[in-house]
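What follows is one structure encoded as structure tokens, with my remarks underneath.
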Amino acid sequence: MNRTGRLLCALHLATAAGLALTAVQEFRHGPLWAGFLFTAASVVPVIAVVRETVIEDLLRAAALSDRRVFRAAEDIVRASLEAACCERWWTSLGTDHDAACPHRVPRSSAA
């Protein structure tokens with residue numbers, strides 16, 4: 001998690017603690033309904049912290065997945081380039097070979 005996300009989570013937790021303290025004071029000295037109201041309000045910032053951490057985990061997993069897909073695409077391209085015999089074979093779609101190519105037998109895609 002970056003610095004901004006940590007700061008935001010710290011602010012959410014401080015707000016939740018303040019609301020919880022207010023809820024305790026309301027249960028002791030105020031009307032009962034206000035105590036329940038502040039108790040419910042103190043849960044909302046905790047939910048925000050959980051949401052921030054879940055979003056961060058999902059972003060990290062997506063970045064990891066993107067790297068894996070990129071590596072797989074690189075492997076496919078590398079294998080295709082290594083399978084090419086010579087420049088003429090590559091440009092003629094596998095039908096002709098250069099004079100110096102050791103694989104002068106035309107490779108055809110016809111089965």
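What residues from the stretch 1-37 fall in the zone where the backbone N is under 20 Å from a label point 7 Å along the Cα-to-C-beta line of residue 63?
1-10
Using R₀ = 25 Å, calculate the FRET efficiency as 1/(1 + (r/R₀)^6) where r is the Cβ-Cβ separation of residue 32 and residue 55; round to 0.05.
0.10
Over the chain, what percent of the accessible surface lies on carbon and sulfur atoms, probe 1.4 Å?
Solvent-exposed carbon and sulfur of the chain make up 66 percent of the total.
With unit charges on the beta carbons (Lys and Arg positive, Asp and Glu negative) and the dipole taken about the Cα centre of the chain, which residue among 65, 32, 90 sits farthest to the positive side?
It is 32, whose Cα lies furthest towards the positive end.
Tell me, what is the per residue accessible area of the chain in Å², probe radius 1.4 Å?
Averaged over the residues of the chain, the accessible area is 78 Å².
Starting from the Cα-Cα distance between residue 47 and residue 71, subtract it from 0.36 nm times their residue separation and give me the gain in nm to one decimal.
Between residue 47 and residue 71, full extension yields 5.0 nm more.
Mind checking Rg over Rh on the chain, alpha carbons, Kirkwood formula for Rh?
Rg divided by Rh gives 1.61.
The values are calculated or read from the model by the stated rules, or taken from the named source; none is laboratory data. Remember, predicted model here, so these are calculated numbers, not experimental data. A quick note on method: Cβ atoms are made from the backbone with ideal geometry, for glycine too, and the neighbour counts reach across all protein chains shown. Ligands, DNA and RNA are excluded from the accessible area calculation, which covers all protein heavy atoms including side chains. Shrake-Rupley method; radii C 1.70, N 1.55, O 1.52, S 1.80 Å.
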